[in-house]
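Enquirer: Shown below is the structure under consideration.
The values are calculated or read from the model by the stated rules, or taken from the named source; none is laboratory data. Here the structure is a predicted model, which is why all the values come from computation and not from measurement. For neighbour counting, all protein chains shown are included, and Cβ atoms are generated from backbone atoms with ideal geometry for every residue, glycine included. Calculation scope for accessible area: heavy atoms of the full protein, side chains included, ligands and nucleic acids excluded. Shrake-Rupley method; radii C 1.70, N 1.55, O 1.52, S 1.80 Å.
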Amino acid sequence: MKLKASIIALGIAIFASLLASDPGAGAEPRAISTAKGQEAVAVTGAGGKDVSAIDPTTTAAIDAVMDELRTETDASAPNAAQETPVTASGARVAGDAQRTRFIIDLSRSLSFSTSALASPDRVIIDMPEVSFQLPPEAGKNGRGLVKAWRYGLIAPGKSRIVLDLSAPARLDKSFVLPAIDEQPARLVLDFVKTTREAFLSEYERPRSLETAAPKGDRKDVGPDSRTRPIIVLDPGHGGIDTGATGVDGIHEKVVVLEFAKLLKKKLEEKGAYEVLMTRDDDRFIPLAKRVEFARHGAADLFISIHADSAPQHHVRGATVYTLSERASDVIAAALATRENSSDILAGADLEDEPDDVADILIDLARRETKSFSILFAKTLVSEFESAVKLIKNPWRSAGFRVLKAYDVPSVLVELGYLSNKHDESLLMSGEWRERAADALVASVDRFFQPRMAQGR
């Protein structure tokens, strides 16, 4: 608006300047430059008078407006590009067990980088944020050296494709073909089968991801300065890691995020708690970062929210898990294995994670935390009994990496089984979500009641 007003004012000044001069009959328009000699302008005034007759004050005004125009254009150009992410509209894999090509269709060219991880063998493609508009079955079945692949948001403004390899493969060629006529731009990667030794030396390792929780939810809270218990809600999965997929195609990452937002709203309405979320949008957060977030925020309770799946479609009901070195049962062990593989699916480098610290004081804190975790789990099960369907033996335990904050009582809640048609419909039901969230709020109230009574 400011620039528009300047241009209008300049036009009036030029017109007034031309009227004040004697018209030159029949003069031809001619192009001249402003005082800075940068912008060629062809202007013909009344009676054919050209810009060369304009007074110095008006010429200076032209220079000022042109400078403003250049500044505004330069500033707006990158913003416009950032507002419209590249769109991926199609993808395919071609070739055989010796040589394989991966192709993805894009709305325009982009920059990308490749890296790899072993055990299992994966090639990782990192790029600026991409809007993936691909069919639901995309990536489930590969071909040749690429047996499957995943895609999604890996961090704010960054997307990732992870290719699962059927055998060690060398990246022979990689390039982007620009869009031509009706043909989209294309990202192309050619792989050739190689030895394991060559595979391990061929690629760089993935760069560490900056996947901090949303800025609005991160707080530095000292344990002596807080007046209300701090609760961290952890919607599982996110971004490239979709989690379980329902009978009708709904993704776990979507279900648990919506439920966590509802639970946060209900807890905050009590006015008794500070509530933080590890993620409040569709982004990937490594498991260790979730634990770090809870500890960094000096959380008093950590609730990781999930929705399970099972090969047996008749299995249904909610379950509450706590941490243990040895799984309580086969089902708990299998679930922990699946949940702990989240970082592998997203192409995260696990070598950067710190080892468990062995210290007698930490061990004592871990034991006390375990007792509080079990107390909350049992409290939650008792509240769930009258609100939602529970699985048989609803309190279970296993070695969940996301529950390993030694000083924060932590539980993992599986709201139900997306692999069961009835549970999936309940998880999508607003009425069921309200009932389940109310039961969780009641369990939180009961858990913190002794502390509230003591005024701390």
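Enquirer: For a quick protection proxy, order the peptides 372-381, 183-192 by their average other-Cβ count within 10 Å, most packed first.
Expert: Packing order, densest peptide first, comes out as 372-381, 183-192.
Enquirer: Another question, then. Between residue 201 and residue 371, what FRET efficiency comes out of the Förster formula 1/(1 + (r/R0)^6) with R0 = 51 Å and r the beta carbon distance, rounded to 0.05?
Expert: Using R0 = 51 Å, I get an efficiency of 0.60.
Enquirer: Considering only Cα-Cα distances, which of the following residue pairs are longer than 22 Å: 147/173; 289/404; 289/421?
Expert: Where the Cα-Cα span goes over 22 Å, the pairs concerned are 289/421.
Enquirer: Between residue 266 and residue 118, what FRET efficiency comes out of the Förster formula 1/(1 + (r/R0)^6) with R0 = 41 Å and r the beta carbon distance, rounded to 0.05?
Expert: Efficiency, rounded to the nearest 0.05: 0.40.
Enquirer: Any idea of residue 119's accessible area? Nearest 10 Å², probe 1.4 Å.
Expert: Here the accessible area works out near 100 Å².
Enquirer: Moving on. Arrange the residues 345, 263 by how much accessible surface each exposes, largest first, with a 1.4 angstrom probe.
Expert: 345, 263
Enquirer: In what sequence, highest mean first, do 284-296, 314-326 appear when ranked by Cβ atoms within 10 angstrom?
Expert: My ranking of the peptides, most packed first, is 284-296, 314-326.
Enquirer: Still on this structure, I have one more. For the residue pair residue 137 and residue 421, what label-to-label distance in nm results when each label sits 7 Å from Cα along the Cα-to-beta-carbon direction?
Expert: 2.1
Enquirer: I've got another one for you. Starting from the residue with the highest accessible area, list 329, 96 in decreasing order, probe 1.4 Å.
Expert: Largest accessible area first, the list is 96, 329.
Enquirer: For labels at residue 334 and residue 314 in the simple 7 Å Cα→Cβ model, what's the distance in nm?
Expert: 1.5
Enquirer: Please calculate how many Å² of accessible area segment 381-456 carries per residue, with a 1.4 Å probe and no DNA, RNA or ligand atoms counted.
Expert: 43
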